[in-house]
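The values are calculated or read from the model by the stated rules, or taken from the named source; none is laboratory data. Remember, predicted model here, so these are calculated numbers, not experimental data. All Cβ positions, even for glycine, are placed from backbone atoms using ideal geometry, and neighbour counts span all protein chains on display.
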Amino acid sequence: MLEAVLLGFLFSLFLVFAGSYFKGKLAVLASLIPISLFIYFSTFIPEIANGDIVYETHKWIPSFGVNLSFTLDGLALLFALMITGVGSLVFLYTSAYLKDHKYLDRFYGYLSLFMAAMLGLVLSDNLMSMFIFWELTSISSFYLIGFNNDKADSRKSALVALGITGIGGLLLLGGAVLLGDVAGTYRISEIVMMQDIITDSSHYLLILLLIFGAAFTKSAQFPFHFWLPGAMKAPTPVSTYLHSATMVKAGVYLLFRMSPVLSGGEIWHTILIVVGAVTMIYSAIHIIFRTDLKGILAYSTISALGILVFLIGIGTQAALIAASVFIVVHALYKASLFLITGIIDHETGTRDVTQLSGLRKVLMPVAIAGFIAALISGGVPPTLGFVGKDLIYESTLHYADSTIILTLIAIVTKILLFYGGFVAGVKPFMGKLPDKFSKLHLPSPLMWVPPLVMTLAGIVFGIFPGLIESAIAKPIAMTHVPDFEEFHLKLWHGFNTVLGLSAITIALGTVLYFTLKPKHSLENAIAKLDVIAPKDLFLKLSEGFAEFSRVWTNIFQTGYLRHYLSIIVGFLILLLGYLIFSDFSLNIDVSSLADLTIYEISILIMLLLGVLYIVFTKSRLAAVAATGVVGLSFSLLFLFYSAPDLAMTQFSVDTLTVILFVLVLYKLPKYLKLSDSKLRIKHRILSISFGSLITLMILRVLNEPKNTEVAEFYAEKAYKLAHGKNIVNVILVDFRGIDTMIEISVLIVAALGVFGLLKLRLKTRDKK
């Protein structure tokens with residue numbers, strides 16, 4: 001499985017060097033990657049259908065309990081097949097949709113990176129590795145949403161999406177750390193066996209809220225839903241892949257995966273049911289106010305995600321089965337509708353549903369795909385959507401609490417989704433064809449075959465739901481339901497209450513479709529409420545924070561180094577002063593101190609004279625020379641106190657510093673008086689205060705009892721464990737190796753930044 005995950009990353013890296021070969025007619029070859037992965041994961045279907053679970057572990061950072069551990073069970077297989085299957089069709093579609101685009105190879109690279117990250121996320125059996133892949137999905141989606149970076153709307157949408165999902169990633173990290181701390185392991189397959197330990201923990205509520213925050217932001221639950229409609233500025237393949245079939249379901253996957261662990265308390269069910277219900281009904285209502293095809297599909301996607309969260313909140317076997325089936329249903333019809341919308345936009349130049357009609361006459365295969373997708377969306381037999389809708393009603397009808405209310409919410413939502421599916425999939429193709437569209441031609445089969453394939457799959461799975469049952473639904477139920485009961489998915493269950501509710505849904509949805517036409521007046525009416533919408537509130541908050549940042553920056557970032565040093569030293573004085581004087585005591589036993597020798601006194605005199613000369617001299621060169629004297633005096637002190645390594649380091653640094661200062665002097669302007677007497681007085685006060693506090697702190701150290709335990713430990717273990725005789729080097733490289741590595745990384749990043757600035761050559765217009 002590691003190879004499957006790495007394949008997408010390697011292909012993305014390969015495109016950096018050979019991307020030009022994947023343009024034009026060869027672009028379709030990029031689809032071989034997801035197709036091969038789909039075939040690979042399909043080979044596991046018989047094994048998973050038998051109830052087996054595949055584990056795979058590769059050591060990564062074992063000292064921290066972080067390994068590349070992967071698990072393939074029913075849930076992971078469902079998402080892996082969805083990621084690679086829909087991904088294969090999206091890759092094929094892209095080769096025609098973005099044909100001859102100058103950045104087509106870059107787009108494929110982003111898609112491959114995202115696909116690999118999603119695969120890593122759903123297959124991860126380690127919380128920390130899951131978090132890393134989670135963040136990689138956010139980063140890669142940022143590039144995909146903002147692919148048209150020459151447009152301000154695309155850039156803004158990408159930043160909003162990254163901001164919201166980035167917050168979710170931070171929350172996931174917090175939840176993962178706490179969960180791992182309570183369980184004593186980051187291995188998910190081990191954590192699921194510790195439900196009682198986790199639910200009884202004092203951190204349970206906090207873990208729950210952190211996981212909820214991560215899932216809700218990623219899966220666009222109310223009130224974090226607004227980033228998803230904005231992300232529709234991305235090219236159609238992005239909307240199809242990320243925002244209907246894969247990324248937005250990452251939060252749902254997280255809730256599904258964590259349900260055996262965290263569902264022990266009533267708060268789990270209450271929050272998920274409430275949030276899911278509000279999201280599904282709120283977003284479904286928004287559908288009737290939209291005229292842009294992508295806008296309709298975006299809000300119907302949010303509503304569908306709300307349904308999934310709603311079902312996971314119910315948590316019964318019937319509900320979890322319904323959720324697993326509905327994931328497939330939604331992926332099939334929503335991905336198809338997005339691809340169809342892309343074709344319509346590509347050929348007509350508009351997504352305004354009020355201007356579209358009669359396109360069946362010029363885009364017949366697309367019209368067929370759209371009609372079938374609408375049937376799946378509406379839950380009309382014999383499609384898989386009908387099976388999924390019945391399972392949802394079955395879940396709400398047999399839930400112990402608030403049965404009627406939950407069922408009514410589900411019915412209203414499904415009616416509105418029926419309406420949205422038919423508006424997006426049927427309306428553009430019915431009626432009279434406008435003259436301006438009469439000369440349209442059918443696009444490449446690579447564009448209309450993928451949605452047709454997915455919609456036909458929706459019919460096949462609807463007629464033969466046993467295919468879904470054995471491969472997906474049953475394995476998921478067996479691993480997520482404690483008291484598993486045998487079940488069978490059927491298209492026809494006879495005349496019962498569920499069938500009656502389905503008939504009511506289809507009838508009312510049909511009536512709504514024929515009576516309520518999309519209008520700009522409705523869209524303009526609801527736009528007046530944007531002032532209280534979560535999106536506007538979030539944007540106002542971000543704008544306020546940006547203004548605060550600007551004011552704060554203008555106060556502290558003046559461009560003068562002396563100002564920065566004054567602020568730093570001032571804060572240090574306050575902090576050190578509070579630390580020292582909050583518990584001030586100074587009792588120095590002079591008798592315990594060693595006598596000063598002549599060479600120590602000589603060095604101190606050299607130090608004092610050097611410092612005084614630096615302060616009072618008016619010659620830059622003389623000040624630099626005096627700085628070297630001070631540094632060499634410290635080198636002598638280190639040498640006399642048996643620290644030759646420190647002495648050599650100090651000597652080297654000071655020598656290099658003096659040379660650099662002298663070289664810089666030739667580039668500086670003439671000595672200018674840029675300060676007045678008041679400023680110099682302030683600097684003197686800061687210097688004397690800081691120096692005095694440092695002196696007091698050093699004297700306080702003399703009062704502290706000498707503890708040689710740490711020193712003895714390093715002295716004893718340095719050679720035995722690290723086989724090094726230089727204790728300082730052993731501490732830096734072995735005992736504090738990670739700290740040193742991070743410090744080196746910081747220096748490398750800084751060096752790269754300096755190198756970039758040195759090589760930067762701005763154009764004339766950029767210098768203004």
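Structure data summary
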{"quantity": "Asp352 vs. criteria under 34 Å from the mean Cα position of the chain (by Cα) and acidic (Asp, Glu)", "calculated": "yes"}
{"quantity": "Pairs, first more than 20 Å from Phe634 (Cβ to Cβ) in segment 646-672, second basic (Lys, Arg) and modelled with pLDDT of 75 or more, C-beta under 7 Å, six or more apart", "calculated": "Leu665/Arg620; Tyr671/Arg620"}
{"quantity": "Residues that are without any contact (Cβ under 8 Å) to a residue 24 or more places away in the chain, part of a helix (DSSP H, G or I) and under 16 Å from Thr71 (Cβ atoms), drawn from segment 184-199", "calculated": "Glu190"}
{"quantity": "Segment 159-178 - residue that is in contact (Cβ under 8 Å) with a residue 60 or more places away in the chain and of a type in the set (A, V, I, L, M, F, W, C) and, of those, surrounded by the most Cβ atoms within 10 Å (Cβ to Cβ)", "calculated": "Ala161"}
{"quantity": "Residue list for segment 624-660, restricted to those being surrounded by 17 or more Cβ atoms within 10 Å (Cβ to Cβ), more than 23 Å from Thr597 (Cα to Cα) and not acidic (Asp, Glu)", "calculated": "Val624, Ala625, Ala626, Thr627, Gly628, Val658"}
{"quantity": "Given (1) within 54 Å of the chain's Cα centre (by Cα); (2) at pLDDT 80 or above, index of the condition Ser585 fails", "calculated": "(2)"}
{"quantity": "Test: Gly379 is under 21 Å from Ile321 (Cβ atoms) and assigned by TED's automatic domain parsing to the domain that holds Ile281", "calculated": "yes"}
{"quantity": "So Phe514, is it closer than 30 Å to Ile340 by Cβ, part of a helix (DSSP H, G or I) and either of a type in the set (Gly, Ala, Ser) or in contact with a helix residue (DSSP H, G or I) (Cβ under 7 Å, 6 or more places away or on another chain) (or both)", "calculated": "no"}
{"quantity": "Exclusive hit being among the hydrophobic types (A, V, I, L, M, F, W, C) and surrounded by 12 or more Cβ atoms within 10 Å (Cβ to Cβ), set Phe487, Phe495", "calculated": "Phe487"}
{"quantity": "Residue in segment 51-100 that is surrounded by the most Cβ atoms within 10 Å (Cβ to Cβ), counting only those that are in a loop (DSSP other than H, G, I, E, B) and in contact (Cβ under 8 Å) with a residue 60 or more places away in the chain", "calculated": "Asp73"}
{"quantity": "Exclusive hit being assigned by TED's automatic domain parsing to the domain that holds Leu416 and within 28 Å of Phe224 (Cβ to Cβ), set Gly349, Gly388", "calculated": "Gly388"}
{"quantity": "Filter result for Lys540 (free of Cβ contacts under 8 Å to residues at least 24 places away in the same chain, basic (Lys, Arg) and not assigned by TED's automatic domain parsing to the domain that holds Ala424)", "calculated": "yes"}
{"quantity": "Residue tally, condition among the hydroxyl-bearing types (Ser, Thr, Tyr) and surrounded by fewer than 20 Cβ atoms within 10 Å (Cβ to Cβ), over segment 264-290", "calculated": "2"}
{"quantity": "Filtered residues of segment 563-586 (kept if surrounded by 12 or more Cβ atoms within 10 Å (Cβ to Cβ) and of a type outside the set (A, V, I, L, M))", "calculated": "His563, Tyr564, Ser566, Gly570, Gly577"}
{"quantity": "Conditions (1) touching a helix residue (DSSP H, G or I) at 6+ places or on another chain (Cβ under 9 Å); (2) of a type in the set (A, V, I, L, M, F, W, C); (3) not assigned by TED's automatic domain parsing to the domain that holds Val325; number of the one not met by Leu508", "calculated": "(3)"}
{"quantity": "Residue that is farthest from Pro450 (Cα to Cα) [pool: residues in segment 1-56 that are among the β-branched types (Val, Ile, Thr) and modelled with pLDDT under 85]", "calculated": "Val16"}
{"quantity": "Tally of residues being part of a helix (DSSP H, G or I), under 25 Å from His488 (Cα atoms) and touching a Leu at 6+ places or on another chain (Cβ under 8 Å) across segment 398-442", "calculated": "3"}
{"quantity": "Residue satisfying condition, being of a type outside the set (Lys, Arg) and within 30 Å of Val28 (Cα to Cα), within set Leu529, Leu489, Leu501, Leu456", "calculated": "Leu456"}
{"quantity": "Count of segment 605-622 residues which are closer than 18 Å to Lys667 by Cβ and crowded, with 17+ Cβ neighbours inside 10 Å", "calculated": "0"}
